[in-house]
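A.B. asks: Before anything else, here's the structure in question.
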Amino acid sequence: MTKTRSLRWSLPTLLLAATVDATDMPLNMTKGVTEISQQVYDLHMTIFWICCVIGAVVFGIMFWSIVRHRKARGVQPAQFHESTKVEILWTAIPVLILIVMAIPATKTLIAMEDTTEADVTVLVTGSQWKWHYKYLDNDVEFYSLLATPKEQIINRFAKGDNYLLEVDRPLVIPTGKKVRFLMTSDDVIHSWWVPAFAVKKDANPGFINEAWARVDEPGVYRGQCAELCGKDHGFMPIVVIAKSPADYEQWVNGEAERIAKAKAEEQELLAMNMSMEELMSVGERTYTAYCAACHQPNGEGLPGIFPALKGSALALENIPGHIDIVLNGKTGTAMQAYAKQLSLKEIAAVITYERNAWGNNTGELVQAADVHAVMQGKGE
Amino acid sequence: MSAVVTDHEHEHHDHKPAGIKRWLYTTNHKDIGTMYLVFALIMFFIGGAMAMVIRAELFQPGMQFVEPNFFNQMTTVHGLIMVFGAVMPAFTGLANWMIPMMIGAPDMALPRMNNWSFWILPFAFLILLMSLFMPGGGPSFGWTFYAPLSTTYSGDSTALFVFSVHIMGISSIMGAINVIVTIFNLRAPGMTWMKMPLFVWTWLITAFLLIMVMPVLAGVVTMVLTDKYFGTSFFDAAGGGDPVLFQHIFWFFGHPEVYIMILPAFGIVSSIVPTFARKPLFGYASMVYATSSIALLSFLVWAHHMFTTGMPVAGALFFMYCTMLIAVPTGVKVFNWVATMWRGAMTFEVPMMFALAFIVLFTIGGFSGLMLAITPADFQYHDTYFVVAHFHYVLVTGAVFSIIAAAYYWLPKWTGHMYDEKLGQWHFWCSLISVNMLFFPMHFVGLAGMPRRIPDYALQFADFNAFISIGGFLFGASQLIFVWVLVKCARGGKKATAQVWEGAEGLEWEVPSPAPYHTFETPPVIK
């Protein structure tokens, strides 16, 4: 059901569509796929029905009164205006209802907060505007970025089924195991939310929060950042794939291998020189994925918030300074440290790109070895 | 209201400069009340225009009209303007106009401060609005300005934002002091505490809340300022601070602030319902106690905005229980209003229609509030459109509807003319239908999982958002009818009697309509 929506809405088709297509969107909270999410759903429905019943009674009486007790019917107004008995009654009844409601809510909350005896622990780190996952029991870590192409967002291409809810590398967890999530952030506050797990926890910079989920059904579960975290808050989705423990093991080993291989390649690269063409093409790709959100695709930045790279002294002169800021970020600003996010090759390429794109024609090439040298100088 | 006709005994006191000087120099509570109300209306339209930008962008998935950074500025400034520029000044305007007339006082107790507390407001909002034109734009961190997004990661306009919030705060504190001093000192002899109209009671309690929490807001914006510009680390873990501390301080202000925006509304509805039911308010004393309990509880529930920040279970439980408790006094109020209607002889003029809509729709907002109190469920609702639906039900169909009801209710007293009932009914029905098209579907969108404050969304939310946007445009357009009614009523119309409404009781209905420039220079006799 790929839906492409261009500016062709008219009011009648829209109202019609709203009734026909509504099945696309669930109208209620998800029951989710964990025991906890089911309990949360039950709490939600209980309190919802309590509200409905109270609403029906109160509004029922009110509308009855509106129909019957109107001057147009020639009624004479009564003059009563006090009754201590009634007041006590309608104070006490709500208190009792609330106590009944508080008991299951308390039980569920205590269960949700019990993160002990976890089988797998994943450190989830938010940063503007992507998630980083690190498996504390294995040597596996990676960034997870929005995979929806820019062209879909600016309405040049038709939007895919999972528009804005797709990432390049999803988090993978085993089914039937208690997975503990540790949340933190590199910059501002983010919030990691997967509705199907009923897990929403803020990722606070400098602090660690905990949450957990035990997923029984293999499947793909999608969520989004829930705390306003700046310009691209709407563009940092979460995708979690739950796999059977055997598949999960296989995936973890594969990932560990991939990461080890990439590290080995890094070392080989130090002795190699890449061509301008290759650096520029890798650089452009990396720039678009990691840098363009702030510095903009045209390198002009956003005046007053994100500095321009086009024609900037940093990108035209001092090469080590340029490498340093990309590697280590700039304290007190939104500029992140990319040393751990990107490979040496990507960093070399993106710096070459920044020094040769948009009329910054320095003609200078930066190689992986140059980046490595600055890194070593910093005592990495 | 420039052509105020006064009755003869007051005529010789009626010295006031002509033209703009009258409004600049005035210390008259009615003039100042009028200025507050007109200012609030203008801000309502400016904030509303920003909401239209938001709804236009969200009409379809994909980015169409604005950049994400500008979208965030719109949500931020829309919130700030509606809270501090529209709802709060409108209530202060009503307080200025009505409190002295309701308690038989000649004016507010501190008239010069009254002038000052109004006249700094336009400058506060000018500063805020001008910041939108700076390089990098205005504040874009949400009206709740969570650190470190508002400190390390904010734009250059943050200093202007902080300055503007300071001025708004000073204005509110001065207004609140004036209300308290007036009520304590200028009540007519015989106007005992438990004879005061509920509007006066609710405003008195509101004023105390304002005095207690506005300095907290001033403190937290100052900490944001020094963190950003002077190297302090209140909210920066790297310097020994804590970003969550910001939220504790902010919501210690922010939750009572929510009640600041609704308690006067309770007072208004408690005035209107008895008038049109032609029956005394049911449970006056319990209304006073319920309002006071809500005010006290408002200081004990702030962290329910922060369940997902990660707090100890004991903390979360405490805040959950206290929040659930608020439903009790709020329920008492709703039950009392319904009991007031019961066996009355009701008529349904525009003020009554808006008051009835308030009771139903505010209660719906209360229900979603009760749902949000349930911490485990809050984890699913938090920061989604469910919350957006919730607080717009209490603030738009709650606070704003009550202000509109109050305007219709007291317009004849202010202008001396009856408003156009037919147009008013049109305004009511258009607003009622469109506001529910606008906010009711947001509940579903939120439950389905759409986060708030995002400029673009997944395809499943598309149909609902298109529908919501249409509701939004219609609601915006409906408010133009209101302006039409107001202008028409100010210019002329059927002469209003002193009592205006058949069932109206209270001192404000004993003075002629329009109310003379000076009222109760000698205190009235309270029966």
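A.B. asks: Where in region A:161-245 are there strands (runs of 3 or more DSSP E), lying fully within it, with 2 or more residues that are of a type in the set (Val, Ile, Thr), away from chain B (no Cβ under 12 Å) and in contact (Cβ under 8 Å) with a residue 12 or more places away in the chain?
C.D. replies: It comes to A:171-174, A:237-243.
A.B. asks: Hey, another quick one. Being closer than 26 Å to A:Arg180 by Cα, within 28 Å of the chain's Cα centre (by Cα), among the hydrophobic types (A, V, I, L, M, F, W, C) and surrounded by fewer than 19 Cβ atoms within 10 Å (Cβ to Cβ) narrows it down to one residue among A:Ile103, A:Ile110; which is it?
C.D. replies: When all the criteria are applied, what remains is A:Ile110.
A.B. asks: Right, another one. So, restricting to helices (runs of 4 or more DSSP H) that lie completely within region B:11-116, which ones have at least 3 residues that are within 25 Å of the chain's Cα centre (by Cα)?
C.D. replies: Because the criterion is at least 3 residues that are within 25 Å of the chain's Cα centre (by Cα), the helices (runs of 4 or more DSSP H) in region B:11-116 that meet it are B:29-57, B:68-80, B:88-103.
A.B. asks: Continuing with the same structure: Would a scan of region B:205-216 turn up a residue that is of a type in the set (Gly, Ala, Ser), at pLDDT 95 or above and either open to solvent by 30 Å² or more (accessible area, probe 1.4 Å) or touching a Leu at 6+ places or on another chain (Cβ under 8 Å) (or both)?
C.D. replies: Within region B:205-216, none of the residues are of a type in the set (Gly, Ala, Ser), at pLDDT 95 or above and either open to solvent by 30 Å² or more (accessible area, probe 1.4 Å) or touching a Leu at 6+ places or on another chain (Cβ under 8 Å) (or both).
A.B. asks: Got at least one residue in region B:342-352 being of a type outside the set (Lys, Arg), closer than 15 Å to B:Phe401 by Cα and open to solvent by 30 Å² or more (accessible area, probe 1.4 Å)?
C.D. replies: yes
A.B. asks: Residue by residue through region B:242-261, note down the ones that are open to solvent by 10 Å² or more (accessible area, probe 1.4 Å) and assigned to a loop (DSSP other than H, G, I, E, B).
C.D. replies: If the condition is that a residue be open to solvent by 10 Å² or more (accessible area, probe 1.4 Å) and assigned to a loop (DSSP other than H, G, I, E, B), then B:Asp242 is the only one that fits.
This table checks each residue for (1) part of a loop (DSSP other than H, G, I, E, B); (2) out of contact with any helix residue (DSSP H, G or I) (no Cβ under 8 Å at 6 or more places or on another chain); (3) aromatic (Phe, Trp, Tyr).
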residue: B:Ile433; (1), (2), (3): no, no, no
residue: B:Pro441; (1), (2), (3): no, no, no
residue: B:Arg453; (1), (2), (3): yes, no, no
residue: B:Phe473; (1), (2), (3): no, no, yes
residue: B:Gln499; (1), (2), (3): yes, no, no
residue: B:Ser513; (1), (2), (3): yes, no, no
residue: B:Pro516; (1), (2), (3): yes, no, no
residue: B:Thr519; (1), (2), (3): yes, no, no
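A.B. asks: Find all pairs meeting these conditions: Cβ atoms under 7 angstrom apart; at least six residues apart or on different chains; first residue within region A:287-305 and within 13 Å of chain B (Cβ to nearest Cβ) and within 19 Å of A:Gly359 (Cα to Cα); second residue open to solvent by 30 Å² or more (accessible area, probe 1.4 Å) and of a type in the set (Lys, Arg).
C.D. replies: Hits for this filter: A:Glu300/A:Lys310.
A.B. asks: Regarding A:Ala242, is this residue among the hydrophobic types (A, V, I, L, M, F, W, C) and at positive phi?
C.D. replies: No.
A.B. asks: Could you tell me which numbered condition A:Glu151 fails, if it satisfies all but one of (1) in a loop (DSSP other than H, G, I, E, B); (2) more than 22 Å from B:Val445 (Cα to Cα); (3) open to solvent by 20 Å² or more (accessible area, probe 1.4 Å); (4) not β-branched (Val, Ile, Thr)?
C.D. replies: (1)
A.B. asks: Provide a single number: the residues in region A:69-85 that are more than 7 Å from chain B (Cβ to nearest Cβ), open to solvent by less than 100 Å² (accessible area, probe 1.4 Å) and of a type outside the set (Ser, Thr, Tyr).
C.D. replies: 3
A.B. asks: Tell me, which residue of region B:277-288 that is at the interface with chain A (Cβ under 9 Å from one of its Cβ atoms) and part of a helix (DSSP H, G or I) is least open to solvent (accessible area, probe 1.4 Å)?
C.D. replies: B:Ala277
A.B. asks: Using beta carbons and a limit of 9 Å, which pairs, at least six apart or on different chains, have the first residue in region B:224-251 and more than 16 Å from B:Ser154 (Cβ to Cβ) and facing chain A (nearest Cβ under 10 Å) and the second one of a type in the set (D, E, K, R) and open to solvent by 50 Å² or more (accessible area, probe 1.4 Å)?
C.D. replies: Listed by first residue and then by second, the contacts come to B:Asp242/B:Asp236.
A.B. asks: I would also like to ask the following. Determine if region A:254-261 includes at least one residue that is open to solvent by 70 Å² or more (accessible area, probe 1.4 Å), among the basic types (Lys, Arg) and either more than 26 Å from the chain's Cα centre (by Cα) or modelled with pLDDT under 85 (or both).
C.D. replies: Yes, some residue in region A:254-261 is open to solvent by 70 Å² or more (accessible area, probe 1.4 Å), among the basic types (Lys, Arg) and either more than 26 Å from the chain's Cα centre (by Cα) or modelled with pLDDT under 85 (or both).
Listed here are the residues, each with its yes/no results for (1) of a type in the set (A, V, I, L, M, F, W, C); (2) surrounded by fewer than 20 Cβ atoms within 10 Å (Cβ to Cβ); (3) closer than 24 Å to A:Val188 by Cα; (4) over 26 Å from the mean Cα position of the chain (by Cα).
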| residue | (1), (2), (3), (4) |
| --- | --- |
| B:His166 | no, yes, no, no |
| B:Ile170 | yes, yes, no, no |
| B:Thr192 | no, yes, no, yes |
| B:Val200 | yes, no, no, no |
| B:Gly219 | no, yes, yes, no |
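A.B. asks: Taking B:Ile454 and the conditions (1) within 12 Å of chain A (Cβ to nearest Cβ); (2) free of Cβ contacts under 8 Å to residues at least 12 places away in the same chain; (3) within 23 Å of B:Phe45 (Cβ to Cβ), which numbered condition does it fall short on, given that it satisfies the others?
C.D. replies: With respect to (1) within 12 Å of chain A (Cβ to nearest Cβ); (2) free of Cβ contacts under 8 Å to residues at least 12 places away in the same chain; (3) within 23 Å of B:Phe45 (Cβ to Cβ), B:Ile454 is out only on (3).
A.B. asks: Give region B:358-383 a look and list any residue that's more than 9 Å from every other protein chain (Cβ to nearest Cβ), among the small types (Gly, Ala, Ser) and in contact with a Leu (Cβ under 9 Å, 6 or more places away or on another chain), or say none.
C.D. replies: B:Gly365
A.B. asks: Does region A:46-62 include one or more residues that are within 28 Å of A:Trp193 (Cα to Cα) and among the aliphatic types (A, V, I, L, M)?
C.D. replies: yes
A.B. asks: Going through region B:298-315 one residue at a time, which ones are within 30 Å of B:Trp201 (Cα to Cα), within 13 Å of another protein chain (Cβ to nearest Cβ) and open to solvent by 10 Å² or more (accessible area, probe 1.4 Å)? Break it down stepwise before answering.
C.D. replies: From region B:298-315, those within 30 Å of B:Trp201 (Cα to Cα) are B:298-305; that's our starting set.
Imposing the further condition that a residue be within 13 Å of another protein chain (Cβ to nearest Cβ) reduces the set to B:303-305.
Within region B:298-315, B:His304, B:His305 meet the criteria.
A.B. asks: How many residues does region A:41-68 contain that are more than 7 Å from chain B (Cβ to nearest Cβ), open to solvent by 70 Å² or more (accessible area, probe 1.4 Å) and aromatic (Phe, Trp, Tyr)?
C.D. replies: Result for region A:41-68: 3.
The values are calculated or read from the model by the stated rules, or taken from the named source; none is laboratory data. Fair warning: this is a prediction, and the values are worked out from it, not measured in the lab. Counting neighbours? That spans all protein chains shown, and the Cβs are built from the backbone with ideal geometry, glycine included. Heavy atoms of the whole protein, side chains included, go into the accessibility calculation; ligands, DNA and RNA do not. Shrake-Rupley method; radii C 1.70, N 1.55, O 1.52, S 1.80 Å.
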